[in-house]
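Chemist: Quick one: the structure is below, questions incoming.
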Amino acid sequence: MIYFENLKNTNAPWFEEIKEALIGVLDSGWFILGERCAQFEKEFAEYHESRFAVGVGSGLDALTLALKCCEFPLDSEILLPSNTHFSAIVAVLNCGLIPILVEPEIRTYNIDPNLIETRITSKTKALIAVHLYGNPCSMDQLVQLALKHDLKLIEDCSQAHGAELNGKKVGTFGDFGAFSFYPTKNLGAIGDAGGLVVKNEQDAKKIRELRNYGGIDRNHINFVGINSRLDEIQAAVLSIKIQYLNQINEHKRALAEVYLKKLNSELILPVSSSKATHVYHQFIIRSNQRDKMRAYLLEKGIKTEIHFEVPPFEQAAFQKFFNSENYPVSRKIHKTVLSLPISYSHSEAQVNEVSNCINEFVEKNGL
């Protein structure tokens, strides 16, 4: 069986280091906002050539805290892609703001810069750029649009740790870069965890307070915040794995190259700009026979996933926000995408096997 993801195998190379780090946390007796969190924040900021990084409880919290930091008026509008994971929309709604969906580019799956101005109104306050599947957005255009319309620019980098555009890491183009360290991410913890790269010192200080109920100490709060603190266990694990992030990304890029060379060229395969470094959190193909292909692969002992099967505008929780709108590009993507195995624990031989099975399916059944 070729599993889509096996976290035990993925983390096996660092098992002894992680075990030693966990024992160190237990021995310290300090479990929240301690030296290990501060150390990882320093390492994460340095990795991004940024002055400020803040560890938080999850990727959702990272987006929420970025929005809360801005203190937008209630019912302000926030632009984001119509094919993103629903967590970004949850963050917007939890801050009392209105999500406005913009269709993606059909080939890159990222928000289409050419459609953004058609969705801007006097109530638009921010743009969330989601670097979906590990592929950087067209940040040069998005930065210019944000400046032109005086919008805050928040990057959702949850699937794009270490991805670059023109040699600059995603998360450093906008005002905030929000990251999830969910265990399956390229830089994954062993539980829920998240972080932010922040452009200026004032915002970094404010987010440090917002993540801690709204204050620096236990007796005083300056803001109405939340409880979202990166714990010492997750910080210790992340400090180990960030040393190997470039290695992890290179391994996934090498597997992606095998897919790109081996898979039937008539399939719809990932594309990215020549100026971009795609880190392939997911390797996405598209087929009108997606479900039949997935079943065929499972029969052959190959597990795949769908990211994401139900588009956000069809989620029951969001019906009152999007029920009168249509998103044909996003619908087409959600009906046809299939995610192939591409974790750090997969080998080129396994990727070759997956490719051969897909090509066999295409020869028998078409696209």
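The values are calculated or read from the model by the stated rules, or taken from the named source; none is laboratory data. Quantities reported herein were computed from a predicted structural model and do not represent experimental measurements. So basically every Cβ, Gly included, is an ideal-geometry build from the backbone, and we count neighbours across all protein chains shown.
Chemist: Lys148: surrounded by fewer than 24 Cβ atoms within 10 Å (Cβ to Cβ), touching an Asp or Glu at 6+ places or on another chain (Cβ under 8 Å) and on the phi < 0 side of the Ramachandran plot, yes or no?
Modeler: No, not satisfied.
Chemist: On the given criteria, is Lys335 surrounded by 13 or more Cβ atoms within 10 Å (Cβ to Cβ), outside the structural domain of Gly188 (by TED's automatic domain parsing), part of a helix (DSSP H, G or I) and free of Cβ contacts under 8 Å to residues at least 60 places away in the same chain?
Modeler: yes
Chemist: Please enumerate the residues belonging to the range 357-367 that are in a loop (DSSP other than H, G, I, E, B) and of a type in the set (A, V, I, L, M, F, W, C). Steps first, please.
Modeler: Here is the first cut: in the range 357-367, the residues in a loop (DSSP other than H, G, I, E, B) are 366-367.
Scanning the range 357-367 gives a single hit, Leu367.
Chemist: A follow-up question, please. How many residues are over 23 Å from the mean Cα position of the chain (by Cα), part of a helix (DSSP H, G or I) and of a type outside the set (Ser, Thr, Tyr) when one looks only at the range 291-315? Give the steps one after another, and end with the answer.
Modeler: Going residue by residue through the range 291-315, those that are over 23 Å from the mean Cα position of the chain (by Cα) are 291-302.
The next check asks that each one be part of a helix (DSSP H, G or I); those that pass are 291-299.
Within this subset, residues satisfying the condition of being of a type outside the set (Ser, Thr, Tyr) are 291-295, 297-299.
Residues meeting the conditions: 8.
Chemist: For the range 162-187, which residues satisfy the criterion of being closer than 30 Å to Phe223 by Cα and within 14 Å of the chain's Cα centre (by Cα)?
Modeler: Matches in the range 162-187: Val170, Gly171, Phe176, Gly177, Ala178, Phe179, Ser180, Phe181, Tyr182.
Chemist: Moving on to the next point. List the residue pairs whose Cβ atoms are under 7 Å apart, where the first residue sits in the range 18-41 and is under 18 Å from Ile190 (Cβ atoms), the second is among the acidic types (Asp, Glu) and not in a helix (DSSP H, G or I), and the two are 6 or more positions apart or on different chains.
Modeler: Short answer, once both residue conditions are applied: Phe31/Asp231; Ile32/Asp231.
Chemist: Exactly one of these conditions fails for Ala160: (1) assigned to a loop (DSSP other than H, G, I, E, B); (2) in contact with a strand residue (DSSP E or B) (Cβ under 7 Å, 6 or more places away or on another chain); (3) surrounded by 20 or more Cβ atoms within 10 Å (Cβ to Cβ). Give me its number.
Modeler: (2)
Chemist: On to the next question. Is it true that some residue in the range 349-361 is closer than 22 Å to Glu103 by Cβ, in contact with a strand residue (DSSP E or B) (Cβ under 7 Å, 6 or more places away or on another chain) and among the polar types (S, T, N, Q)? Talk me through it step by step, then tell me what you get.
Modeler: Within the range 349-361, the subset closer than 22 Å to Glu103 by Cβ is none.
No, the range 349-361 contains no residue that is closer than 22 Å to Glu103 by Cβ, in contact with a strand residue (DSSP E or B) (Cβ under 7 Å, 6 or more places away or on another chain) and among the polar types (S, T, N, Q).
Chemist: Within 12 Å of the chain's Cα centre (by Cα) and among the acidic types (Asp, Glu): is that true of Glu155 in this structure?
Modeler: yes
Chemist: Of the residues in the range 256-270, how many are in contact (Cβ under 8 Å) with a residue 24 or more places away in the chain, under 15 Å from Asn135 (Cβ atoms) and part of a helix (DSSP H, G or I)? So that I can check it myself, show each step before the final result.
Modeler: Here is the first cut: in the range 256-270, the ones in contact (Cβ under 8 Å) with a residue 24 or more places away in the chain are 256, 258-259, 262-264, 266-268, 270.
In the following step, the residues that additionally are under 15 Å from Asn135 (Cβ atoms) were identified as 256, 259, 268, 270.
Those left that are additionally part of a helix (DSSP H, G or I): 256, 259.
Of the residues in the range 256-270, 2 are in contact (Cβ under 8 Å) with a residue 24 or more places away in the chain, under 15 Å from Asn135 (Cβ atoms) and part of a helix (DSSP H, G or I).
Chemist: Next up: For residues in the range 338-356 being part of a helix (DSSP H, G or I) and not polar (S, T, N, Q), which is surrounded by the most Cβ atoms within 10 Å (Cβ to Cβ)? Quick ask: steps written out before the conclusion?
Modeler: Of the range 338-356, the ones part of a helix (DSSP H, G or I) are 348-356.
Of the ones still in play, those that are also not polar (S, T, N, Q) are 348-349, 351, 353-354.
Numbers: Glu348: 13, Ala349: 10, Val351: 23, Glu353: 17, Val354: 26.
Looking at the filtered set, the residue picked out is Val354.
Chemist: Going by the conditions given, is Leu238 touching a helix residue (DSSP H, G or I) at 6+ places or on another chain (Cβ under 6 Å) and surrounded by 16 or more Cβ atoms within 10 Å (Cβ to Cβ)?
Modeler: yes
Condition check ((1) in contact with a strand residue (DSSP E or B) (Cβ under 6 Å, 6 or more places away or on another chain); (2) closer than 19 Å to Gly134 by Cα; (3) of a type in the set (A, V, I, L, M, F, W, C)) across all residues:
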residue: Ala204; (1), (2), (3): yes, no, yes
residue: Ser228; (1), (2), (3): yes, no, no
residue: Glu250; (1), (2), (3): no, yes, no
residue: Ala254; (1), (2), (3): no, yes, yes
residue: Ser272; (1), (2), (3): no, yes, no
residue: Tyr280; (1), (2), (3): no, yes, no
residue: Arg286; (1), (2), (3): yes, yes, no
residue: Arg290; (1), (2), (3): yes, no, no
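Chemist: Taking the range 72-127 as the search range and keeping residues that are under 24 Å from Tyr280 (Cα atoms) and of a type in the set (D, E, K, R), which one is surrounded by the fewest Cβ atoms within 10 Å (Cβ to Cβ)?
Modeler: Arg107
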